[in-house]
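A short write-up of the structure that comes next.
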Amino acid sequence: MKNDCNHLPLQAVDFGVQFNIELARMRLDSGIVDTVKKYGCDFLMQLLSELQQRLPSNIHHLQTLDALSPETVLGLRKPKLQDLSFLMKYSGDIGKLDEQWQCLGTVSWPMDVLDNEENFWMTVHDHHDSASGKQDFKEVGQFALSMLALPFSNASVERVFSQMNLVKNKLRNRMQNKSLENTLHVRAFMQ
């Protein structure tokens, strides 16, 4: 992002239909249009920079969770298990996990679960081998479900604390827990 060689030239940036319609309607001088576009680009670059600073430190794990989508797992470009950045979080038998990972494409999975990662991995976890009757993908299903359930952000917890701080401030410091809880429920209901 910091390298200007990676940026489009100003004239190639698409600011959207509404922006172009408004510019045409205003009939501005081309120098002013270029200045407005430059300010728009600068604003977007600053916004992008600030968003990058706010991303969680484990963003790489979040990005690689795409490897758990049914389309990826059952496709031709399925990554090797050892290439998954979150594999280090697994504490069981890696050999068994890898064997199950490799065999996922050998089963004809129901079409209705392929569009939802959670449903797909629950189906994988609950799958039974027709010959032995045993769960043949239990470990890989459980691992995938646990990775998909990891909290990658604490924003919801921070929101609750922010609401609590609005309600229970220095003036209301002696508010009892039950009163605070009721107040937070009322605030949540009104939003």
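Excluding ligands, DNA and RNA, the accessible surface per residue across segment 87-153 is 61 Å² with a 1.4 Å probe. Reachable aspartates and glutamates from LYS38, Cα under 17 Å, same-chain residues fewer than 8 places away excluded? The reachable aspartates and glutamates, counting only those whose Cα sits under 17 Å from LYS38, are ASP4, ASP14, GLU22, ASP29. Here LEU8 sits with roughly 120 square angstrom of accessible surface, probe radius 1.4 Å.
Each other residue within a Cβ distance under 12 Å of ALA67 adds +1 if Lys or Arg and -1 if Asp or Glu, for a net charge of -1.
Note on ASP93: accessible area is roughly 90 Å² with a 1.4 Å probe, heavy atoms of protein only. Taking all C-alpha pairs of segment 58-151, those more than 16 Å from each other amount to 52 percent.
Sparse packing (at most 16 other Cβ atoms within 10 Å of the Cβ) combined with a DSSP loop state is found for the following trypsin sites (Lys or Arg not before Pro) in segment 1-98: LYS2, ARG27, ARG77, LYS80. For LYS78, the aspartates and glutamates whose Cα comes closer than 12 Å to its Cα, not counting residues fewer than 8 places off in the same chain, are ASP66.
Could you work out how far the C-alpha centroid of segment 115-147 sits from that of segment 75-106, in angstrom? Here the answer is 13 Å between Cα centres. Here the gap between LYS78 and LYS2, fully extended at 0.36 nm per residue and compared with their Cα-Cα distance, gives a gain of 24.2 nm. Ordered by solvent-accessible area of protein heavy atoms (1.4 Å probe), largest first, the residues SER85, SER146 come out as SER146, SER85.
The values are calculated or read from the model by the stated rules, or taken from the named source; none is laboratory data. Since the model is a prediction, treat every value here as computed from it, not as a measurement. Cβ coordinates were reconstructed from backbone atoms using ideal geometry, including for glycine residues, and neighbour counts include every protein chain displayed. Accessible surface areas use protein heavy atoms only, side chains included; no ligands, DNA or RNA. Shrake-Rupley method; radii C 1.70, N 1.55, O 1.52, S 1.80 Å.
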